[in-house]
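Before any comments, here is the structure.
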């Protein structure tokens with residue numbers, strides 16, 4: 001029965017763990033006013049380079065209007081700038097500011113400290129198993145999402 005219990009609460013456990021990680025990160029970065037969604041966006045554009053809003057919405061898995069509002073707040077706080085796209089006059093790209101580049105190493109270190117704190121008491125083998133299991137969950141559901149049969153109307 002323990003296995004059934006674990007399966008019944010898998011979604012809740014994943015959600016609670018994710019929420020706890022986000023909350024702890026935001027506690028540690030409160031002095032900068034950096035939220036987890038803001039950090040995810042910054043981390044992407046710092047690592048991959050400037051990006052347009054629609055691509056950021058896809059990457060962050062949020063609606064375009066939500067990413068637009070997020071970028072508005074980040075622009076007001078001095079984390080990013082909207083600049084003209086070099087190849088498309090109609091488009092704008094999101095670029096990190098000097099403030100973002102300066103704070104990023106500290107934010108990255110704080111994120112790593114949250115992960116270390118979250119994994120306290122787990123052996124290296126357990127950490128590896130957790131990593132493999134989470135990757136498998138994401139891959140399994142990603143496959144299901146792309147191969148789910150379409151619902152069609154049937155006549156009795």
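A few remarks follow.
- Taken over the range 64-91, the criterion of being farther than 19 Å from residue 36 by Cα and in contact with a helix residue (DSSP H, G or I) (Cβ under 7 Å, 6 or more places away or on another chain) is satisfied by 82 alone.
- Residue in the range 19-36 that is surrounded by fewer than 14 Cβ atoms within 10 Å (Cβ to Cβ), at pLDDT 95 or above, farther than 21 Å from residue 69 by Cα and under 13 Å from the mean Cα position of the chain (by Cα) present: yes
- Test: residue 53 is within 14 Å of the chain's Cα centre (by Cα), surrounded by 16 or more Cβ atoms within 10 Å (Cβ to Cβ) and touching a residue at least 12 places away in the same chain (Cβ under 8 Å): no
- Filter pass, residue 39 being surrounded by 11 or more Cβ atoms within 10 Å (Cβ to Cβ) and under 27 Å from residue 133 (Cβ atoms): yes
- Among residues of the range 1-16, those that are at pLDDT 85 or above and surrounded by fewer than 12 Cβ atoms within 10 Å (Cβ to Cβ), counted: 6
- Entry remark, the range 15-49: residues being under 18 Å from residue 117 (Cα atoms) and in a helix (DSSP H, G or I) number 16 in total.
- Residues (more than 24 Å from residue 106 (Cα to Cα) and modelled with pLDDT of 95 or more) located in the range 43-66: none
The values are calculated or read from the model by the stated rules, or taken from the named source; none is laboratory data. Because the structure is a prediction, the values reported are computed rather than measured. Please note: Cβ atoms are built from the backbone with ideal geometry, for glycine as well, and neighbour counts cover all protein chains shown.
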